[in-house]
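The values are calculated or read from the model by the stated rules, or taken from the named source; none is laboratory data. Since the model is a prediction, treat every value here as computed from it, not as a measurement. Virtual Cβ from ideal backbone geometry, glycine too; neighbours counted across all protein chains shown.
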C-alpha cells in the first residue's frame with residue numbers, strides 16, 4: 001500500500017507540475033534524456049560525410065525537432081579569426097534515435113558543436129529539462145605536397161612515371177585510374193596507378209610523346225585512411241623533352257639508394273647514343289659534400305661509367321652529376337644538369353659485391369637464344385639482351401612481357417649503339433664471372449651436394465662438382481648487415497628442385513642483389529621455386545614452370561629458357 005501511494009504521489013507531481021529534472025524520474029523514463037551521440041563528445045578526426053545521431057532514453061516527438069531546436073554549428077579559425085557556420089540538413093528518426101544528415105559535407109579541421117534545446121519533447125509531451133551540448137572535430141584534409149615532375153616542368157623524359165606525394169597516408173582503394181588521370185589535351189593517357197607509403201604513381205602504358213604538354217589530375221575522390229578527401233582537385237602540367245634531346249633514363253645506384261657497396265662503379269644510361277668526347281671527368285662528376293672524388297669516366301653503347309680511383313667511404317652520402325656539357329652524337333646537349341645521390345653502406349667483413357656493371361641492366365642476357373615456351377612470363381624493370389644471337393632467336397614474346405624494359409639483340413639497328421652496348425654487357429658479364437670464380441677472401445668454405453635445410457651466413461662457398469637445393473629450403477642469413485654478400489662458386493651444374501622444398505629464403509637483412517651463383521656449366525631453377533640472386537652461368541639457364549626469381553639470369557655461352565609463367569624481378 002505504501003509503494004502504491006508513493007507511485008500515485010509521483011504521478012500527481014508530474015501531472016500537476018510537468019516533468020521535473022529528477023534523477024529518479026529520468027531513470028524510470030518519464031523525462032527525455034540523451035543517452036549517447038555519434039560522434040561522441042570530444043571525438044576527433046571525424047570524416048566529412050559523417051551523419052549526426054542522438055539517442056534518447058525514450059521515443060521522441062519528430063515534430064519538435066527543427067533547425068531551432070537542434071543546432072549544429074561549426075567553428076574554424078580563418079586568417080586568425082574564428083568563423084562560425086550553422087549546418088543545414090534533414091532529420092530522420094529510428095526508434096529512440098534522431099539522425100541529422102547535413103546537406104553538404106562537413107568542413108575539414110573544424111570543431112562542431114551540437115545543441116539539443118529544451119524545445120524537443122517526447123511522444124507524451126514531456127520536454128528535455130536542459131539544453132544538451134556536445135562537440136567533435138573533423139579531420140584534416142590530405143593534400144598533395146610535391147609532384148614529380150614539378151608543375152610546369154620542362155624537358156621531362158618520355159618514359160616518366162608521374163608521382164604525387166601526399167601529406168598523410170592515403171586509402172589505396174581511392175587512388176585509381178578514375179581519381180588519378182593523365183591527359184594530353186582532352187585525350188586520356190592509359191596507365192597503371194599504384195600507391196606506396198604516401199606516394200601515388202601513374203605509369204603510362206606507352207612512352208609519352210616528345211615536346212608535348214601533359215596535364216595530371218588527382219580528384220577529390222582521393223581520400224586518406226580516415227576517409228577525408230583532398231580539399232579540391234589537384235592539377236599540374238609538364239612538358240616532355242624534344243625528340244632529339246638526350247636525357248638520363250637510368251642510374252646505378254638509383255637516386256636515394258642506401259647500402260651501396262664501397263667499390264661501386266657509378267653508371268648512367270641515356271636514351272640515345274652520346275658523343276664520348278663530351279663525357280669526361282668534367283661533365284660526369286662524383287662528390288662527397290664539396291669534395292670531388294677522383295675517378296675514370298668511360299662510355300660504351302648508351303652507358304657512361306665513373307669508376308672511383310679508391311673505394312668510397314662507409315656510411316657516406318655521395319652526389320653524382322652529369323652536366324649539360326654531355327651531348328648526343330648529333331651535338332645536342334642535356335636540357336638540364338642531371339643530379340642524383342646515394343649513401344654507402346657500412347664496412348663489410350666479407351668480400352665486396354661482384355660488380356656486374358652494364359650486365360646488371362639485364363634481367364636476361366644470353367648468347368644463343370632466349371625462349372619463353374608457354375604462359376605469361378614477366379620480366380620487371382630490366383632489359384632482355386642477346387649477343388651475338390639475333391632478334392629472331394628471341395621467341396615467346398608475347399605471351400611473355402617486359403615491364404619497364406625492352407628486348408635488345410645484336411642485329412638491332414635502333415637504338416643507335418645497341419650492338420656495342422650488348423658487346424660491353426657481355427664483356428662485363430665475363431669479368432664479373434671471372435671475379436666471382438676467383439674470389440678467395442675470406443677463404444671459401446667447401447660445400448657439396450644438397451644444401452636444402454641449411455642456413456648459411458655471408459661468405460664464399462665453393463663446390464668442386466654439382467650443387468643442389470633439394471630437400472628443404474636454403475636460408476641465407478644477412479645477420480643484420482645490408483651489405484652481406486654471398487658468392488657460390490659451383491664447378492659444374494646448379495639445380496633447385498622447388499615445390500615443397502628447394503627455394504631460397506632470405507633473412508637478417510639479406511638482399512638478392514648481393515647474392516651471386518657462379519655456375520661452371522648450366523643452372524636449372526625447379527618448378528615453383530622462389531629464387532633469389534644473380535646466376536652467372538658459363539653455359540645455359542632454365543627456369544621450370546612457375547619458378548620466380550628476384551635477381552638476374554645471365555648466361556655467357558648458351559641460352560636462357562623460361563618454361564611456363566615465370567617471373568624475373570629486379571633485385
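The set of residues in segment 314-341 that are modelled with pLDDT of 90 or more and in a loop (DSSP other than H, G, I, E, B) comprises 316, 323, 324, 325, 326, 334, 337. Listed conditions (1) more than 25 Å from residue 482 (Cβ to Cβ); (2) over 33 Å from the mean Cα position of the chain (by Cα); (3) without any contact (Cβ under 8 Å) to a residue 60 or more places away in the chain are all met by residue 330, apart from (3). In the set (1) touching a strand residue (DSSP E or B) at 6+ places or on another chain (Cβ under 8 Å); (2) at pLDDT 90 or above; (3) not in a strand (DSSP E or B), residue 206 fails one condition alone, (1). Only one of these is closer than 28 Å to residue 527 by Cβ, touching a residue at least 40 places away in the same chain (Cβ under 8 Å) and over 32 Å from the mean Cα position of the chain (by Cα): 453, 449. Name it. It is 453.
Filtering 138, 107 for residues that are touching a strand residue (DSSP E or B) at 6+ places or on another chain (Cβ under 7 Å), within 30 Å of residue 165 (Cα to Cα), surrounded by 18 or more Cβ atoms within 10 Å (Cβ to Cβ) and modelled with pLDDT under 95 leaves a single hit, 138. In segment 251-262 there is no residue that is touching a helix residue (DSSP H, G or I) at 6+ places or on another chain (Cβ under 6 Å) and touching a residue at least 24 places away in the same chain (Cβ under 8 Å).
Of the residues making up segment 135-144, just one is under 12 Å from residue 170 (Cβ atoms) and assigned to a strand (DSSP E or B), namely 144.
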